[in-house]
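Working notes, beginning with the structure itself.
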Ligand code: AMP
Ligand code: MG
């Protein structure tokens, strides 16, 4: 067996960053910027009001208060989107709505709640003193013209997309989204809801891995199910190599008589494929190598093992290819709410667990169900993997490390 870190290092060394491309903002979420983005102009683009109210000359409101209102003539109205074409002259005010440009002459806004209109509406009684700049949002407050909006290696989320739109970009230069092909292997596997003949089971890994890959921000290609036949497996992998940046297979990497994935990938990779027994549970068997530079992840067939293996190896590798600075799920210290027993076997165990914040503000964990590697439901119910180092496990009340899956 080799330590997890050794297997991981092998994977990461082979996962080189993909090319940089411009993508529309609508396709940018989850991608990392490849160059710094700069603002062509200021944001906001002009001085404007943060409040509905009146644009005033602040000196006109000196000493105003609830009992000593100042009367100003209303010389116009400015809605958001209007050009600031009315000047605020001494003794005057302009009715103004949030987002409208500050009209010339004005240097402050009095919020509407601090005013009362006169009966005929021609004037307004201001009941508070305005200081210069009150409720004014200055041009460039958020971003000055030419300022760096985001540095290279920024992973874009919904807020980033909004900021990029606000500086007038409709495309952004990012590291290309990794396209990953997912292949299931096994004579026992049946697609979808087709009836099961004796000995058959349904393919759970491919739907799960496709969904996991997609939810991790990768583009996915469904490579289907390959029978346990070297020619069929070989053809499916070759098909994947044509259009994918990486391939993920499940099944056929153990020591069974029909585990042909090994043989096929050995040949395609010209013997550079590594067959590992990683000192972890689940997901001990793992194969990794490159075929013509394309990383190929040979995940174990047991459904829980395939998902945990994807989390520990494929996801970080693919995020590295997409230029993400942080490729690992967050790990937190958590309180075990129950005994988490295990056997001493030289491996690190990843316990499927439910993590929740308790009333004490700490993260609490408990097992999400049976821990055998075919019990996919317990994996589905888990939102964390508790990392139990080799040994007998821990008792309730112990502090453990948990890898958060969401
Ligand atoms: P293998 O690694 O091919 O020996 O498979 C290990 C176990 O996982 C066996 O019980 C397989 O039937 C099961 N298995 C393999 N592939 C899948 C799959 N795609 N969906 C569900 N179970 C699978
Ligand atoms: Mg198999």
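Quick note: the coordinates plus some simple rules give every number you see, no bench work behind them. Predicted, not measured: the structure shown is a model, and the values here were computed from it. Cβ atoms come from the backbone with ideal geometry, glycine included; neighbour counts cover every protein chain shown.
Scan region 164-186 and tell me whether some residue there is in contact with a strand residue (DSSP E or B) (Cβ under 7 Å, 6 or more places away or on another chain) and free of Cβ contacts under 8 Å to residues at least 60 places away in the same chain. No.
Selection of region 235-250 for residues being in contact (Cβ under 8 Å) with a residue 60 or more places away in the chain and either in contact with a helix residue (DSSP H, G or I) (Cβ under 7 Å, 6 or more places away or on another chain) or surrounded by fewer than 15 Cβ atoms within 10 Å (Cβ to Cβ) (or both) yields 243, 245, 246, 247, 248, 249, 250. Selection of strands (runs of 3 or more DSSP E) fully inside region 27-108 by the criterion of at least 2 residues being touching a residue at least 60 places away in the same chain (Cβ under 8 Å) returns 53-56.
Look at region 153-195 and say how many of its residues are within 15 Å of ligand 1 (Cβ to nearest atom) and not in a strand (DSSP E or B).
7
Can you spot a residue in region 196-204 that is assigned to a loop (DSSP other than H, G, I, E, B), in contact (Cβ under 8 Å) with a residue 24 or more places away in the chain and either farther than 30 Å from residue 330 by Cα or away from ligand 2 (no atom under 16 Å from the Cβ) (or both)? Looking through region 196-204, none of the residues is assigned to a loop (DSSP other than H, G, I, E, B), in contact (Cβ under 8 Å) with a residue 24 or more places away in the chain and either farther than 30 Å from residue 330 by Cα or away from ligand 2 (no atom under 16 Å from the Cβ) (or both). The single residue among 100, 108, 178 that is surrounded by 14 or more Cβ atoms within 10 Å (Cβ to Cβ) and within 30 Å of residue 22 (Cβ to Cβ) turns out to be 178.
Listed by first and then second residue, the pairs with beta-carbon distance under 6 Å, at least 6 apart or on different chains, first residue in region 123-145 and free of Cβ contacts under 8 Å to residues at least 60 places away in the same chain, second assigned to a loop (DSSP other than H, G, I, E, B) and surrounded by fewer than 19 Cβ atoms within 10 Å (Cβ to Cβ), are 125/69. Take the residues in region 373-406 that are without any contact (Cβ under 8 Å) to a residue 60 or more places away in the chain, part of a loop (DSSP other than H, G, I, E, B) and within 11 Å of residue 351 (Cα to Cα), then tell me which one is farthest from the chain's Cα centre (by Cα). Per the criteria, the residue is 389.
For region 255-275, the tally of residues that are within 16 Å of ligand 2 (Cβ to nearest atom) and in contact with a strand residue (DSSP E or B) (Cβ under 7 Å, 6 or more places away or on another chain) stands at 4.
Among the residues of region 316-328, the one identified as outside any helix (DSSP H, G or I) and surrounded by 23 or more Cβ atoms within 10 Å (Cβ to Cβ) is 322. Taking the criterion of being surrounded by fewer than 17 Cβ atoms within 10 Å (Cβ to Cβ) and on the phi < 0 side of the Ramachandran plot, the residues of region 153-169 that qualify are 157, 158, 159, 162, 165, 166. Only a single criterion out of (1) touching a residue at least 24 places away in the same chain (Cβ under 8 Å); (2) more than 15 Å from ligand 1 (Cβ to nearest atom); (3) surrounded by fewer than 21 Cβ atoms within 10 Å (Cβ to Cβ) is not satisfied by residue 273, namely (3).
Using the structure shown, decide if residue 353 is buried (at least 17 other Cβ atoms within 10 Å of the Cβ) and more than 30 Å from residue 156 (Cβ to Cβ). Yes, satisfied.
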